[in-house]
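Each remark here refers to the structure printed beneath this line.
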Amino acid sequence: MSANAATNTGGGAYISYTGRIVNCQIVSNRVTVSHGGGVYLVYGGICENSTLRGNYVNGQGGGFYTYYGGNVTNCLVIGNTSLGYGGGGYLYYGGTAACSTVVGNQAGLPPTYSYGGGLYVYYTNGLVHDCTIVSNLGQYGGGVYLDSPNGGVVQNSRINRNYASQYGGGVMGYGGVLQNCEVIGNLAAASYG
């Protein structure tokens, strides 16, 4: 799936309920307005064993966007861009990113960037586990931005060498839980690295 475009959601694919994307290359897709430059996963849609690379969205979730329970498992999420939040991916009201590598993504554009260079976890029940989140760029939360006062969780993950142009080089949180993670070598230009 490459070089596709959508106005609103899912530049490469829109997957819902029992739909699955397996062993795919999701490359250089675009969304001009809203969510999910690479894929939009809703109500349990799954993307697994796939590469999401070089996708772009004007809104949220450069590589992927999960809505009420989408899942990204064993994927490489690399070099995606969101002008809004979540350069690599955005988990909205649930959703899971598991056993995946999130590398070299960015939220926003230099010099200011935006929230969640690697991942943005919004509100309730979002889960990131057993992931490697490395070398991503954002304004707040270079690796991960946890905007989850009611239960977003990042666990058993490596969050290394990410950069924030303001605060939270590795992780910035407004609620949520960071559990059993390795957070090393991140940088925040303002403070709170």
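Which whole-number value in Å² is the accessible area per residue of the range 29-72, probe 1.4 Å? Intermediate values should be presented prior to the final figure.
Values: 1190 Å² over 44 residues.
Normalised by residue count, the accessible surface of the range 29-72 is 27 Å².
Taking amide H as placed 1.01 Å from N in the peptide plane, the amide H of residue 155 sits under 5 Å from that of 128, 129, 130, 179, each at least 5 places away or on another chain.
How large is the convex hull of the Cα atoms of the range 1-114 per residue, expressed in Å³ as a whole number?
Working: hull volume 8.2 nm³, N = 114.
It comes to 72 Å³ per residue, whole-number rounded.
With a simple spin-label model that places each label point 7 Å from the Cα along the Cα-to-Cβ direction, the separation between residue 124 and residue 187 comes to 4.0 nm. Other residues lying with their Cβ under 13 Å from the Cβ of residue 64 contribute a combined charge of 0, Lys and Arg counting +1, Asp and Glu -1.
The candidates 99, 75, 181, arranged from most to least accessible area with a 1.4 Å probe in the full protein assembly, appear as 99, 181, 75.
Can you give me the relative contact order of the range 93-193 as a percent, contacts being Cα pairs under 8 Å and 6 or more apart? Walk me through the intermediate numbers first.
Details: 372 pairs, mean separation 24.9, N = 101.
It rounds to 25 percent for the range 93-193.
Heavy-atom accessible surface of the range 82-193, averaged per residue, reaches 37 Å², computed with a 1.4 Å probe. Only protein atoms count toward the accessible area here, which uses a 1.4 Å probe; on the chain, the carbon and sulfur part of that area reaches 49 percent. Between the alpha-carbon centres of the range 94-168 and the range 33-58 there is a gap of 15 Å.
Backbone geometry of the range 39-56 corresponds, through the Karplus equation with coefficients 6.51, -1.76 and 1.60 at θ = phi - 60°, to 3J(HN,Hα) couplings of 9, 10, 10, 10, 6, x, x, 10, 10, 9, 6, 10, 10, 10, 9, x, 8, 9 Hz, x marking Gly and Pro. Projected onto their three principal axes, the Cα atoms of the chain cover extents of 40, 31, 25 Å, largest first.
The values are calculated or read from the model by the stated rules, or taken from the named source; none is laboratory data. Everything numeric in this text was worked out from a predicted model, so none of it was measured. Counting neighbours? That spans all protein chains shown, and the Cβs are built from the backbone with ideal geometry, glycine included. The protein model used for the area step is the full one, side chains on, heavy atoms only, and it has no ligands, DNA or RNA in it. Shrake-Rupley method; radii C 1.70, N 1.55, O 1.52, S 1.80 Å.
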